[in-house]
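The structure under discussion appears below in the form of structure tokens.
The values are calculated or read from the model by the stated rules, or taken from the named source; none is laboratory data. Since this is a predicted model, take the numbers as computed values, not measurements. Every residue, glycine as well, gets a Cβ built from its backbone with ideal geometry; the counts of neighbours run over all protein chains shown.
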């Protein structure tokens, strides 16, 4: 991207990490985790472990981001370490599954809560085969895409503002929960750990941590937008580590509130655990307030994901490995406008057809597979380019990248054993990018990548 596009400071970059991560997951997954673990203390350990895994990834991406402060994140790192084929397969998977399907799923989550406050159709009504949540979800994506292409400064400042508001609201809820818990003497936390050696199996621990990890997705967002950050060789690593650490602290605090307000029996199997905890504190009449809080939180998360996800197909296209038009920047705004709108179009189709629900089942497979590959890229690049400038050099090397590789490989194997059919489909979806790579690679040899700006400001 253009040099003058480096407008985001450390605070904005850190806000992007936090904003891209905190969505609906923290309000929904703790009840599922409580099914695996028999006490609130164990739940906190599971969330802490998931946070540590995420920080391991942030540290690995921090060194890689300081070496290659370019748009695209893992796409760039895999390309430098292993060549264009693995990088393309990541970008292909990211564009179709991780990015577009993820954006579609977040938009539908927002729509579900928003419609509970402002219903636009009667219950179950459809117009031309489209229901109310689908209309809201598509409208949200289109509206936020217009916002994100309006200008880089406006876009990232809007992200930061929304994130600050969301954190302030969460802070009030956390404080109210702690006060409520102190008034009750913290009785719902008892027992913090089960007595009599009634500890869950390793399988249960693994399932709980994997569930918690889902709520940390998006932590790598700032690596995808490195070209828009001031002093990226230093600020990208800092934003990654600070942002993931802040998210972990918030998640631990929210789960402490759950433990203070609800007994473990009330947590187990409760999908809308955040709503249950809030109603316990404030009464049933406060349910609409909670729905508004969640809708705002998901809306901010959706905006951040639309912002950073489009930078991956842009980076691919700029290298001549995707539709050339997606690799062009608007000459005045310095934004990959066409990549943003292409992402919006794919996400909209997935919402209107309902296919995003099936694709989301494969997101975690793709994520952990490429996380492991990116950890390996760090090791390869240490050997391949030992003299390259590394403004941030990972400590405890090679233990941290090896641990990151091992954890994500173990998660992939565990998921594959639990859902072998989904694992096969996920691998087929990833490998489906192979033929596409050879098509675009052949085109690249005939027509090398040109100017990245959009001619005529189109």
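Does residue 144 satisfy the condition of being touching a residue at least 24 places away in the same chain (Cβ under 8 Å) and within 30 Å of residue 207 (Cβ to Cβ)? Considered against the rule, which asks whether it is touching a residue at least 24 places away in the same chain (Cβ under 8 Å) and within 30 Å of residue 207 (Cβ to Cβ), residue 144 comes out as no.
How many of the residues making up the stretch 281-314 are assigned to a helix (DSSP H, G or I), out of contact with any strand residue (DSSP E or B) (no Cβ under 9 Å at 6 or more places or on another chain) and touching a residue at least 24 places away in the same chain (Cβ under 8 Å)? Working first, answer last.
From the stretch 281-314, those assigned to a helix (DSSP H, G or I) are 281-282, 284-309, 311-314; that's our starting set.
In the following step, the residues that additionally are out of contact with any strand residue (DSSP E or B) (no Cβ under 9 Å at 6 or more places or on another chain) were identified as 281-282, 284-306, 309, 313.
Keeping just the survivors that are touching a residue at least 24 places away in the same chain (Cβ under 8 Å) gives 281-282, 288, 291-306, 309, 313.
Number of matching residues: 21.
Annotation note: of 213, 170, the sole residue that is buried (at least 23 other Cβ atoms within 10 Å of the Cβ) and either under 30 Å from residue 278 (Cβ atoms) or out of contact with any strand residue (DSSP E or B) (no Cβ under 6 Å at 6 or more places or on another chain) (or both) is 213. Looking only at the stretch 320-370, count how many residues are assigned to a loop (DSSP other than H, G, I, E, B) and either touching a helix residue (DSSP H, G or I) at 6+ places or on another chain (Cβ under 7 Å) or surrounded by 20 or more Cβ atoms within 10 Å (Cβ to Cβ) (or both). So the answer is 14.
Residue count for the stretch 150-166, restricted to those that are modelled with pLDDT under 90 and farther than 11 Å from residue 303 by Cβ: 6. Residues in the stretch 395-431 that are over 23 Å from the mean Cα position of the chain (by Cα) and either buried (at least 16 other Cβ atoms within 10 Å of the Cβ) or not in a helix (DSSP H, G or I) (or both): 395, 396, 397, 398.
Scanning the stretch 315-354 for residues that are in contact with a strand residue (DSSP E or B) (Cβ under 7 Å, 6 or more places away or on another chain) and closer than 26 Å to residue 21 by Cβ turns up 315, 335, 336.
Note on the stretch 16-62: residues that are touching a residue at least 40 places away in the same chain (Cβ under 8 Å) and over 18 Å from the mean Cα position of the chain (by Cα) amount to 15. Per the listing 273, 294, 257, 236, the residue uniquely modelled with pLDDT of 95 or more and surrounded by 22 or more Cβ atoms within 10 Å (Cβ to Cβ) is 236.
Residue by residue, here is whether (1) crowded, with 24+ Cβ neighbours inside 10 Å; (2) in contact with a helix residue (DSSP H, G or I) (Cβ under 6 Å, 6 or more places away or on another chain); (3) over 25 Å from residue 298 (Cα atoms) holds:
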position	(1), (2), (3)
36	no, yes, yes
41	no, no, yes
88	yes, yes, yes
100	yes, yes, no
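Quick one: is residue 120 under 26 Å from residue 289 (Cα atoms), out of contact with any strand residue (DSSP E or B) (no Cβ under 6 Å at 6 or more places or on another chain), outside any helix (DSSP H, G or I) and without any contact (Cβ under 8 Å) to a residue 24 or more places away in the chain? Before the answer, list the steps.
On the way: under 26 Å from residue 289 (Cα atoms): yes; out of contact with any strand residue (DSSP E or B) (no Cβ under 6 Å at 6 or more places or on another chain): yes; outside any helix (DSSP H, G or I): yes; without any contact (Cβ under 8 Å) to a residue 24 or more places away in the chain: yes.
Here the answer is yes, as residue 120 does meet what is asked.
Among the residues making up the stretch 379-394, a single one is over 20 Å from residue 234 (Cβ atoms) and assigned to a loop (DSSP other than H, G, I, E, B): 386.
Okay, residues lined up against (1) assigned to a helix (DSSP H, G or I); (2) over 18 Å from residue 214 (Cα atoms); (3) modelled with pLDDT of 95 or more:
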| residue | (1), (2), (3) |
| --- | --- |
| 18 | yes, no, yes |
| 26 | yes, no, no |
| 33 | yes, no, no |
| 48 | yes, no, yes |
| 51 | yes, no, yes |
| 55 | yes, no, yes |
| 69 | no, yes, no |
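Tell me yes or no: at least one residue of the stretch 5-26 is touching a strand residue (DSSP E or B) at 6+ places or on another chain (Cβ under 7 Å) and surrounded by fewer than 20 Cβ atoms within 10 Å (Cβ to Cβ). Yes; the residues of the stretch 5-26 include at least one that is touching a strand residue (DSSP E or B) at 6+ places or on another chain (Cβ under 7 Å) and surrounded by fewer than 20 Cβ atoms within 10 Å (Cβ to Cβ).
Scanning the stretch 239-254 for residues that are within 11 Å of residue 13 (Cα to Cα) and surrounded by 21 or more Cβ atoms within 10 Å (Cβ to Cβ) yields 239, 240, 243. The condition of being within 25 Å of residue 110 (Cβ to Cβ), touching a residue at least 24 places away in the same chain (Cβ under 8 Å) and either assigned to a helix (DSSP H, G or I) or more than 18 Å from the chain's Cα centre (by Cα) (or both) does not hold for residue 65.
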